[in-house]
Structures are given as structure tokens and as C-alpha cells.
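Structure record follows, encoded as C-alpha cells.
The values are calculated or read from the model by the stated rules, or taken from the named source; none is laboratory data. A quick note: this is a predicted structure, and the numbers were derived from the prediction, not measured. Every residue, glycine as well, gets a Cβ built from its backbone with ideal geometry; the counts of neighbours run over all protein chains shown.
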Amino acid sequence: MNFSEKDISHFREKGISPEKVEQQIEIFKRGNIVVNIREAATVKNGILAVAEEEQKELTDFYESKKDNLDILKFIPASGAATRMFKAFYNLLKEFDPENDDLEDYIDKKNEQSLEIFFSRIKDLPFYDKVRKKAIEAEPGFEEMPEDSQKYLFVKYMLQEDGLNLGDQPKGLVPFHKYEDHLATAFEEHLVEAIDYAAAGEKVRIHFTVAEEHREKFEAEAREVVPRLEQETGYNFEVTYSYQDPKTDTVAVTKDNEPFRDENGDIFFRPGGHGALIKNLNDQDADVIFIKNIDNVVTPKNRALLASYKKMLGGKLLQLQEKAFKFLGKLEKGAGEEHFEEMESFLQKELNAGLGINFKDLNEEEKPSVIKELLNRPIRVCGMVKNEGEPGGGPFWVTQKNGEISLQIVESSQIDHDNYQQSKIALEATHFNPVDVVCSTRDYRGGKFDLEKYVDEDTSFIANKTKDGKELKALELPGLWNGGMAQWNTIFVEVPVETFNPVKTVADLLKPSHQVS
């Protein structure tokens, strides 16, 4: 493809080579590659249901090790809160409190979140703050018709002269109301990290944030961290990183030509959460817990959450210890008598495929194959029973080389036009709540290069718009999907009470987000 000097200068500014742009354009021309799901992972077939006695053993094992480990909690937190309030931005544009009836509007829109919101508005954590703003700004507010009060409440919840919540990063929206303060998702992540991610008296937590939001997070930390340190006696080390501009991807027209903005520049978009594999790769820790910013629990479920987190951590350390033991034996020249035990561990405990030709390999060839499979990053992922929440699911997948492996697969990666593939997708019993604990060190203590374990074929093309014009966007392989495709993967069932996401503001009104 012929790029102008201006184009190449633009690429250089972003740190992206012309060759990389051409490769991405070829992906658009090729189209999405669907994942070949073989069967849904279920309990006893890819998902472990850990008995109570073993849970205690794994938790105790983790507790015995953790104070001598470098532990990190990693939180993708770059998302803005705008999508939480989408229905309410529409209401501000479309609803006229002078002439319209709110109940009729809600019926017409068939928007359940609006109905829940207005029926339980007083249970919002920030209800009193928004109402106070409205009373101060609107003379006679309390005497106005109810629909007008509700409309103005939404206005002062979202707009700049109010709480401006829609323009905040999601992590800084107040999620919970306590007697003496409102707690943001940011604060709740710090608090819960004490219960399972503390090593001694130190708690390390890393947030990936949008660059324009960093100052807001730092301001929140200056307010929250000293208070928590005084209340708990723990020391918090909070760090931040941004999505690297080099991971932005080119956008194209429907004809797969580079999409140009109003200035004639080729337009690039952030590559999705899969770009964060680079941020994760930059972290240095023995154990890393990964969780989404909008998934936090209230105090009543904190002990349950911590018990399962520690159980997952214990499972990770147990498997890692076995893998490192076998790798040590291989380094010392383990013979044929050890291979059967190693093969069994790989297949039954790490869910690693040995390959269809493994049995045909000779004694000199087998050790290198076993070593390569053992010496990989490990992730233990909590899986929740599917109760209708959106999210990817656990499946056994047939890869291009014929090997079968456990993967987290998004619905968009499945060929729903294929009857057999669609049928398998419907058989899924669990979904992915992004509840991951992982090890990114090898048996010698060095760091894996995580970018070597990405399945680049699992990038995804999505239809988007810019300035009213349609375009095609390229999402990089998802962080816990194709981004970790070649990790050793273990799925463990965890209770739904440990998963408490906030996708719309109405989710804050669920009983699981009410503190009292």
C-alpha cells in the first residue's frame, strides 16, 4: 500500500511502523477467524469444583506462602463511566418534563434500568449529594412536579454543574454508601486487596488508566490511602500505567481502505483490553490477581470473596510447585521413567495438550516438548454458573495445529451460523467473571515475555462510527482470551456472590451493592 510522507510521519509519531499498519489492513481483508469450540467446559470436564476440605487445604497453603511472595493486584480501569449512564443521557435529550409523562416515556423505551432507577432512587449511594445540588441550583425544586424533580436529578447527576458522574472514570464513581463516607470502586479494590493480596503489611495494586484520568485517580488516592493506612495498619503501594499508543490499531472503511479523519490523517483507535498484555508484561510479581474495576463487593461478602481468592491462589502455587519440580528434574536429565508422571500432570492438572504425534517421539525428543509445555505462564480462573450475565465462557477449543486446549471464548468469536458451533455455545454452564490469579515467572525466577503467548489470529473486527461515518475497527486479542491463549489454564468454580459487576447505574441498586 502506498502511504504518503505525511502518513508515515503520523505513524512515526505513534510509534507504529508502516509494515504493522499493512498487516492490520490485511486482517480486515481476511475477516474474523472464528474459534473452533469443541465442547463447553463443565464441572468435571474442564472446570474444577473444589470440595470444602480441599478448599481449606489450598487456602492454608496460600496463607503459608504469601508473606514471602511479591503479590500484585492488577485492575484494568481505563473505562469511562459514560456507558453506565447511556439511558440517562438519552432521557436528558429526549424527555421534556413540561410536556411528557415519565412513566409513558419509560414504557415506550422499554428500558428496565430506568424503571429500576426511579423506583429505588433513594438507595443510590450518591442520592443525597445529587439532591442537594439540585436544591441549591433550582429554586422551588422541592415543590416541583415529581417528573420535573426526577429529570433535574438526572441532570445534576450527570452534568458539569452537578456531580458530573458521566464524565468520570468508572473507578471513581461512588459505588457504596457507608455511615461516614461514599466509597468509589477504586477504594473498594484497595480495601478488599488487604484480605487476599497483602504480603506482610504491604499491599501492591496497579491500575491501568486513561492518561487524561490519571490526575483524578491520584487525587482520590491522596484522600483515600492515608485514611485506609491509618485504619488498617497496612501500607499501600498504588501504581498506574496507560495503554501504549503503539498498541492502537488502524481503522478502515467498509472497502478496507484506511479511514481518514477530517484532517486527512489515517485514524487509529485503542486496541481494546487485549492491548493491556503489554502493561501486564511490565509488572514484576510472583503472584498477580486480575479483576475488573466495576466488580467489587460490600462488607457482607468480603470474607467469602477472600476465601475463594486465597483458594485460587493456593491452587496456582500448588500447580506451580509441581511444574517447577518437574522442570528441575528435566534440567538434571530426567529419563523415561519420569515422563509418564509428567504427561499425566500436564494433561490432567494443567489441561495442556501434548500433541497428536507425542507418542511417536523418541526419548531424546520428548523432554524438550514436555519442558516447553511445563515452562509457560499459569493462570487459574474462577468461573461462575451462568445466570444470564453477559461475558465470555469456558470452552474446550481445537486449535489450528489440532491440539485441544481450555480457553475463555467470547460470543463474538463463535460462528453462530454454524448449527453445531451454536449448539455447543448454548450448552455452556458457566461464564467468565474475570477472576484470575496468575504466575508470570519461570522456574528459574525470570519473567516470561507474555507477548510470545498471544494467539494473534483471535483479533476481532467490529463496526463502529466516527463523526457519523461508519468504519471498521480492529480489537486486539482480548487480555484473557487470545491474549492468554497459550498459557497453562485451569478453571475453578466460584460462587456467584463473588461476582458483583456494575454495567449500568441501576446495578448499584441491587441488594448486593447495598451496604446496610
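A few points about this structure:
- Matching residues, the stretch 407-431, being under 24 Å from ILE378 (Cβ atoms) and either in contact with a Phe, Trp or Tyr (Cβ under 7 Å, 6 or more places away or on another chain) or not charged (D, E, K, R) (or both): GLN407, ILE408, VAL409, GLN413, ALA428, THR429, HIS430, PHE431
- Of all residues in the stretch 105-121, those being more than 17 Å from PHE85 (Cα to Cα) and modelled with pLDDT of 95 or more number 0.
- Note on the stretch 191-209: residues that are farther than 29 Å from ASP244 by Cα, in contact (Cβ under 8 Å) with a residue 60 or more places away in the chain and not in a strand (DSSP E or B) total 3.
- Among the numbered conditions (1) of a type outside the set (D, E, K, R); (2) buried (at least 22 other Cβ atoms within 10 Å of the Cβ); (3) over 29 Å from THR498 (Cβ atoms), the only one that PHE289 does not meet is (3).
- Taking the criterion of being under 15 Å from GLU39 (Cα atoms), part of a loop (DSSP other than H, G, I, E, B) and touching a helix residue (DSSP H, G or I) at 6+ places or on another chain (Cβ under 7 Å), the residues of the stretch 385-429 that qualify are ILE414, ASP415, HIS416.
- Failed item in (1) without any contact (Cβ under 8 Å) to a residue 24 or more places away in the chain; (2) crowded, with 20+ Cβ neighbours inside 10 Å, with GLU103 passing the rest: (2)
- Candidates LEU474, LEU479 - the one that is touching a residue at least 60 places away in the same chain (Cβ under 8 Å), assigned to a loop (DSSP other than H, G, I, E, B) and crowded, with 21+ Cβ neighbours inside 10 Å: LEU479
- Taken over the stretch 482-516, the criterion of being in contact with a strand residue (DSSP E or B) (Cβ under 9 Å, 6 or more places away or on another chain), under 25 Å from ALA303 (Cβ atoms) and in a loop (DSSP other than H, G, I, E, B) is satisfied by VAL494, PRO495, PHE499, VAL502, GLN514, VAL515, SER516.
- Of everything listed in (1) closer than 27 Å to PRO501 by Cα; (2) modelled with pLDDT under 95, the single unmet condition for ALA77 is (2).
- Residues satisfying the stated conditions in the stretch 462-516, i.e. out of contact with any Asp or Glu (no Cβ under 8 Å at 6 or more places or on another chain) and charged (D, E, K, R): LYS469, GLU470, LYS472, GLU475, GLU493, GLU497, ASP507, LYS510
- Among the residues making up the stretch 135-190, those that are of a type in the set (A, V, I, L, M, F, W, C), under 30 Å from SER78 (Cβ atoms) and either free of Cβ contacts under 8 Å to residues at least 12 places away in the same chain or outside any helix (DSSP H, G or I) (or both) are LEU163, VAL173, PHE175, LEU182, ALA183.
- Exactly one residue out of GLU321, GLU389, GLU343 is surrounded by fewer than 18 Cβ atoms within 10 Å (Cβ to Cβ) and either at pLDDT below 95 or polar (S, T, N, Q) (or both), and it is GLU389.
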